[in-house]
Each structure stands twice: as C-alpha cells, then as structure tokens.
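**Q** Here's a structure for you.
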Protein chains: 2
Amino acid sequence: MGLLLVRYAEMGLKSPGVRRYFEKVLTHNMMAALARERLEAFVESQYGRLFVTTDRPEETAATLRRVFGISSLSHVRECSSEVKDIRRLALEVATPLLKDGSTFRVEARRNGVHPYTSMQLAAQAGEEIYEAHKHRGVRVDLHHPDLVVYVEVRDRRAYVFSEYLDGPGGLPMGSQGKVVALIRDERDALAAWMMMKRGCRALFVVENEETMRILERWDPEPRKVSGPAGKAVQANKAFGLVVGWSLDELQDNITLNTDVPVYHPLVGMGNEEVERRLKEIKG
Amino acid sequence: MGLLLVRYAEMGLKSPGVRRYFEKVLTHNMMAALARERLEAFVESQYGRLFVTTDRPEETAATLRRVFGISSLSHVRECSSEVKDIRRLALEVATPLLKDGSTFRVEARRNGVHPYTSMQLAAQAGEEIYEAHKHRGVRVDLHHPDLVVYVEVRDRRAYVFSEYLDGPGGLPMGSQGKVVALIRDERDALAAWMMMKRGCRALFVVENEETMRILERWDPEPRKVSGPAGKAVQANKAFGLVVGWSLDELQDNITLNTDVPVYHPLVGMGNEEVERRLKEIKG
C-alpha cells in the first residue's frame, strides 16, 4: 500500500464552513477521477490536508495531478511522532536516493506538542542519515543539496517524503457554480479549462468531439448538454456562456444571438500564451 | 550618441501592407512615449527592425521597454560589413565586459551577400577577442559562456551587441481598434492593460485617479472619456467595455446596465496570477 499527502491552496483562505464544503467537493472529484481510471483508493481528511491510501500510488498520483484544487502532492511514509521512529524512517526514505558523494538536508515542521523543536528534529534525522552514509562521502548541504528529506509531524503521527509533485492548483470543480462552454476548437477547450480551474462546473455544448477529448482528461464526469447554448445557460442556472474567441474574432462582430452573458477568458492573451497554455493542458 | 535596435514580434507574421501600418503605429507610439519623458530620438525602419538614435540611450531604452509591440531591444554599435571592421568592433564591445578568466562566445547572423558565412564570421570575431585577452585566462565556452557577443550583419552594415532587453511584447496600441475601459481598481487597470497589449487603444472612464497612474506609464497619450461607459462605447465605435471583475463578482450578478459587449480578461485567472501580473505592470 502507498500513502499520498495531498495539499490544497486557495481554499485554505476561506472560512471553516466553506473549507469543509470545498474539501467535500474536492474529495468527490478526486474519487471520480480515480474511479474513471479504475483506481481504488481511500481518501481521508486530516488537519487541512488529504491523505490517499492506494495500492497503485504512481498511477494514483498521476491522476490526481489533473484534479483542480490540488496544489501539490507527495508520496509519503508514515510513522509515530517518536524521534527514534522518525530517525529510522528518514534513513529508510533517504537511503535508496543517495549516491556516493551526494549532499542532502532534512527539513522538518511540526504541529502539536512534542518534546522537540522542528530544528532539533531535523538535526537528529540528519545525523541518522549522515552517520549511516558518511563512509560513502555523503554530506549535508543546507543550500543546494541533491536531496531534501521532508519530515512533517502532526500530533502523534509523522510523515516523511522527498518530493513535491505539482497539482493544477485552482479551486475544486463545481465549488463555484456552473458555466456553459461551447466546444468548437482548442481555444474553446482552453477557455473552458480556465473556468473549470477557477472552480466552475462546465456544461459542454460539444460541436467537436476530438477537441472535447482534451477536457475529458480533466473532467471525469463530463456533462454534455445539447441545443442552443443560450437556452442551456438559462435551463441550468449557469451564470454564463464561455468561448475561447480572440480579439480578432470579436472584432468581426461574431454574435451568438443570445441574451445571456458571454465570457471570453482568452480575450487578453496573445497567440503565444494561448499556445503555451494549450500545450500544458494537452501534455 | 547611442543606437538601439528594436525588435517586434507578432506583427512579423502579417502581410507586408499590414506590417507597414503596424510599424507606423508602433513608431508613433515610441515617439509619443519618448516625448512624454522629454527624450529626443530619431527612429528609422530597416529590414523589419527599428533603429533608434538618441543621446540618452539608457533612459530611452527604459522608456521603450514599456511600449507595446516591442518584443526586445539592444544597445548596439554599428560598423561596415567588412570583416576587419567587425573584428575590431566586436573586440571593443567585449573588452569592458570581460573579467580575468571569463568565458565568452560570438553569435553571428547575416542577411545579404558577403564573402563569409555566419560561422566563419563568428570564428573570426571570436579569434580577435581571444587573442587580445588570452593572457588574462579568457576563453571560449560555446554552451554556458559568461558573455555572448552578438553580430548581426544586414547588407553593408553590421551591428554588434551583448544583451537583449525584454519589451512587453504584444501589438502596437491602437492597431487593433478601441475599447472603453472602466478604471475603478487595480484589477480594472490590469484588464485594460491586457487589452492595450493586445493592440487596443483604451478610452478610459476613470473613477479612481490613483489607479489610473499605473496605466499612464504605459500609455503616453491617455484618452479619458466621461459619462456612462456604454454610451462611450457607442459614441466612439469601440467594440466593447473592459472590466477586471473576477468570477466571484460576476456571480453576484453585478450589472452595468448596458447593451454593449462587456469583456472580462481576468475571469479565468486566480488571485495569485492577478497579483503576479499586477506586480509586473506596476514595477
């Protein structure tokens, strides 16, 4: 079994009630994304972090990196908050990652009441690793180490890891209401993606199935609607229609013949920026 | 006197007629920006580049870095396209920039008919610099040199420089039509800035003079309009109204009581991105 620590960012700023709601939406989206990939996992909320237990940690991490609202995640190992346990686990985590002559450092943080400070803990865990590997020329470098071993202590449990994997950030999809997204080309897909990242549930009016596939990697439960987009906005109480049109297209006075608000998240972007962002979401 | 080579990017993609028009608009904007800072300069177009002659090159460069449409610029020195002249000038440019033990490389490109290839030219200029400084331990490093000396040959003239300074990029302000921008807070200023960078002339409805000052650094001839923003759009044949509202504000059903199109370039951005971009334009 593997354990993942999942961090979320923006919602940390909100009130406890809003945060609980966001966490619920995020957890739901995580489970839906994993279910789509046929990955079984158990998600638990603790201390404003989420912990995911799974027997396929690599694939689970890859999938979660496309769940909006997740700012980063780490493969972690867990032990008690006792110094001797943490020393042993830090050594276990570090050993396969240290080459002859490697440099490392330990970074510790803690929350709760413990008989040690974060700095003392980092020094102790660092000593354990150094003593075990000094014959190989391994040494501490606080500024530009080859390896950082992170220790995070929360009350009676400690988590040790060596890497932060980026998530997409943003807010959990669906936590901020609905928009209707017209999907005709890749620019439209990017516009929808940006609103999804801002927390909107997108209802898709799909005119191009090929393009829609870009978004299906990001939305495990894509909701498609048919008929005129303006009607779909009203029928679903969405707060507007989203398209990826550029300034050029807008100047040609393209009109959608609709009374609902129309949003153009790409209107202020140049082609280079659009291409760069598209590459990221298609990658 | 100093000479600046100014490069523009996106417009290079357009047809020759459109490019000439863009170059005219860009040159006008450059002159207006310099006039505002009381800098005298002479701007000349050649081979799809602009050359600026000025007796205050540092201040002129700083000002031009806020002119939309400029992708980069360089302080250059000029000589004939003869190898011996280029060798001498490359050495003159490099000498004050080389420390004992520095590494360097010469990068050459050319356009026109010459008795040398770009690679031969780079090798020759590199040799000149190497021979003059080898007693100080200066040597060539093609991959990570401390200093790059650039040589650009255009027909009978050559330009030598050592640095690319970024411009804001985008398109020349005014080359893509007009928008009306409502300026109430910094987000509004950023939204307007993005449309200006896309080539729009912004007509400002200013409700906050302090905020307007951010934009005056980017628009040397700010045009302010008064009265209802919707009316201003129609009266000036602008193609819409621009505001910096976020998704949250839009969900509150704020309305401007207007029939004209309203654009929200920031609708797909998170707070972090807005803050980062604001810092850039205020910096």
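The values are calculated or read from the model by the stated rules, or taken from the named source; none is laboratory data. If you're wondering where the values come from, they're calculated on a predicted model, not measured in any experiment. Quick reminder, even Gly has a Cβ in these numbers, built from the backbone with ideal geometry, and neighbours come from all protein chains shown.
**Q** With respect to A:Arg87, determine if the residue is within 22 Å of A:Leu3 (Cβ to Cβ) and at pLDDT below 95.
**A** Judged against the criteria, A:Arg87 is not a match.
**Q** Criterion first (at pLDDT 95 or above, more than 15 Å from B:Asp155 (Cβ to Cβ) and in a helix (DSSP H, G or I)) does B:Glu107 satisfy it?
**A** Taking the combined requirement at face value, the residue does not satisfy it.
**Q** Let me ask something else. Read through the list (1) in contact with a helix residue (DSSP H, G or I) (Cβ under 7 Å, 6 or more places away or on another chain); (2) in contact (Cβ under 8 Å) with a residue 40 or more places away in the chain, then give the number of the only condition that B:Tyr116 fails.
**A** So the condition that B:Tyr116 fails would be (2).
**Q** Let me ask something else about it. Determine if the stretch A:132-147 includes at least one residue that is in contact (Cβ under 8 Å) with a residue 40 or more places away in the chain, within 30 Å of A:Ile281 (Cβ to Cβ) and in contact with a Ser or Thr (Cβ under 9 Å, 6 or more places away or on another chain).
**A** For the stretch A:132-147, residues in contact (Cβ under 8 Å) with a residue 40 or more places away in the chain, within 30 Å of A:Ile281 (Cβ to Cβ) and in contact with a Ser or Thr (Cβ under 9 Å, 6 or more places away or on another chain): absent.
**Q** Go through the stretch B:176-283 and tell me which helices (runs of 4 or more DSSP H), entirely inside it, have 2 or more residues that are under 26 Å from A:Leu241 (Cβ atoms), within 14 Å of chain A (Cβ to nearest Cβ) and in contact with a Cys (Cβ under 8 Å, 6 or more places away or on another chain).
**A** Fully inside the stretch B:176-283 and qualifying: nothing.
**Q** Return the pair list, or none, for Cβ contacts closer than 7 Å from residues in the stretch B:259-283 that are over 30 Å from A:Asp259 (Cβ atoms) to residues that are modelled with pLDDT of 95 or more and of a type in the set (Val, Ile, Thr), at least 6 apart or on different chains.
**A** Sorted first by the residue in the stretch B:259-283, then by its partner, the pairs are B:Ile281/B:Ile214; B:Lys282/B:Ile214.
**Q** Still on this structure, I have one more. Considering only residues that are of a type in the set (A, V, I, L, M, F, W, C), in a loop (DSSP other than H, G, I, E, B) and within 20 Å of the chain's Cα centre (by Cα), which ones fall in the stretch B:130-175?
**A** Once the filter is applied, which keeps residues that are of a type in the set (A, V, I, L, M, F, W, C), in a loop (DSSP other than H, G, I, E, B) and within 20 Å of the chain's Cα centre (by Cα), the stretch B:130-175 yields B:Leu171, B:Met173.
**Q** Next question. From the set of residues in the stretch B:197-228 that are in contact (Cβ under 8 Å) with a residue 24 or more places away in the chain and among the small types (Gly, Ala, Ser), which is surrounded by the fewest Cβ atoms within 10 Å (Cβ to Cβ)?
**A** B:Gly199
**Q** Here is a check on your reading of the model: is A:Val83 more than 14 Å from the chain's Cα centre (by Cα) and closer than 13 Å to A:Glu152 by Cβ?
**A** no
**Q** Out of all the residues in the stretch A:139-152, is one or more in contact with a His (Cβ under 8 Å, 6 or more places away or on another chain), over 30 Å from A:Lys197 (Cα atoms) and surrounded by 14 or more Cβ atoms within 10 Å (Cβ to Cβ)?
**A** no
**Q** If you don't mind, there's one more thing I want to ask. Counting only residues that are free of Cβ contacts under 8 Å to residues at least 40 places away in the same chain and surrounded by fewer than 13 Cβ atoms within 10 Å (Cβ to Cβ), give me the helices (runs of 4 or more DSSP H) lying completely in the stretch B:1-102 with at least 3 of them.
**A** Because the criterion is at least 3 residues that are free of Cβ contacts under 8 Å to residues at least 40 places away in the same chain and surrounded by fewer than 13 Cβ atoms within 10 Å (Cβ to Cβ), the helices (runs of 4 or more DSSP H) in the stretch B:1-102 that meet it are B:16-36.
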